[in-house]
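Structure first, commentary second.
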Amino acid sequence: MKEQNDDLELERRNIILKAGMEVLFEYGYLGASVDEVVRRAGGSKRTVYKYFDNKEGLFAAIVANLVEQMMAPLQPEITDEKGLYDTLENLGQNYLSVLLQKESIAIFRIVVSEGARFPELGNALFESGPGVAVERLSKYLRRQTDLGVLKVNDAEAAARQYYGMIRSDLHMRALLGLELPDKEEIDEGISRAVDIFIKEYDVD
């Protein structure tokens, strides 16, 4: 019985999150209201506040949930199955595929526009997205250093550096609605970033 109740609670929470996501994308954070979320999800404000303390908590949870879903390709631990070059190249491709998808751009725009007034949104996005990606890559770089493949003194800084090179100006262009290079040019940029990174931290 408890397990069944837990499933119902989770289902109800997910319904609220889904309705909240629709409201957030449609109205932006400032224009979004808990009343509209309740209207779409059913139930009452009391139900919403049972799961989320307030409007800020609700929409921070929505942002975190969305980002976690979008970041799924970067969530698994990075293994040593492939060589260093292929691992970094695949990681760069996955990172850009996440960063440049429509949903990602939409949520970034909302958080950037409202982040100064509602920093909990920015925290939710960063901790669930870029923060996780940097943490995973840092762990991999430390392991490669221990194995003698790379010489990285500050793995976290190196991970941020790598993702910065991969991101280049592509994310900004996407946020501004500007035309992006074609896939071939993007892939060439990833390859250049990998070459530069390995040259920087190679033990030789």
Has region 46-59 got at least one residue that is on the phi > 0 side of the Ramachandran plot and either without any contact (Cβ under 8 Å) to a residue 60 or more places away in the chain or out of contact with any Asp or Glu (no Cβ under 9 Å at 6 or more places or on another chain) (or both)? no
Given (1) touching a Leu at 6+ places or on another chain (Cβ under 6 Å); (2) free of Cβ contacts under 8 Å to residues at least 24 places away in the same chain; (3) not β-branched (Val, Ile, Thr), identify the lone condition not met by residue 201. (2)
Can you find a residue in region 147-170 that is buried (at least 19 other Cβ atoms within 10 Å of the Cβ), without any contact (Cβ under 8 Å) to a residue 24 or more places away in the chain and on the phi < 0 side of the Ramachandran plot? yes
Can you name the residue in region 23-45 that is modelled with pLDDT under 90 and part of a helix (DSSP H, G or I) and, of all such residues, is farthest from residue 113 (Cα to Cα)? 26
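This table checks each residue for (1) buried (at least 19 other Cβ atoms within 10 Å of the Cβ); (2) not assigned by TED's automatic domain parsing to the domain that holds residue 168.
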{"residue": "15", "(1), (2)": "no, yes"}
{"residue": "22", "(1), (2)": "no, yes"}
{"residue": "33", "(1), (2)": "no, yes"}
{"residue": "36", "(1), (2)": "no, yes"}
{"residue": "57", "(1), (2)": "no, yes"}
{"residue": "74", "(1), (2)": "yes, no"}
{"residue": "77", "(1), (2)": "no, no"}
{"residue": "94", "(1), (2)": "no, no"}
{"residue": "99", "(1), (2)": "yes, no"}
Of the residues 160, 142, 136, 167, which is in the same structural domain as residue 78 (by TED's automatic domain parsing), within 17 Å of residue 71 (Cβ to Cβ) and at pLDDT 95 or above? 160
Say whether the condition of being in a helix (DSSP H, G or I) and at pLDDT 90 or above is met by at least one residue in region 68-85. yes
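The values are calculated or read from the model by the stated rules, or taken from the named source; none is laboratory data. As the structure is a computational prediction, the values presented were derived from the model and not from experiment. So basically every Cβ, Gly included, is an ideal-geometry build from the backbone, and we count neighbours across all protein chains shown.
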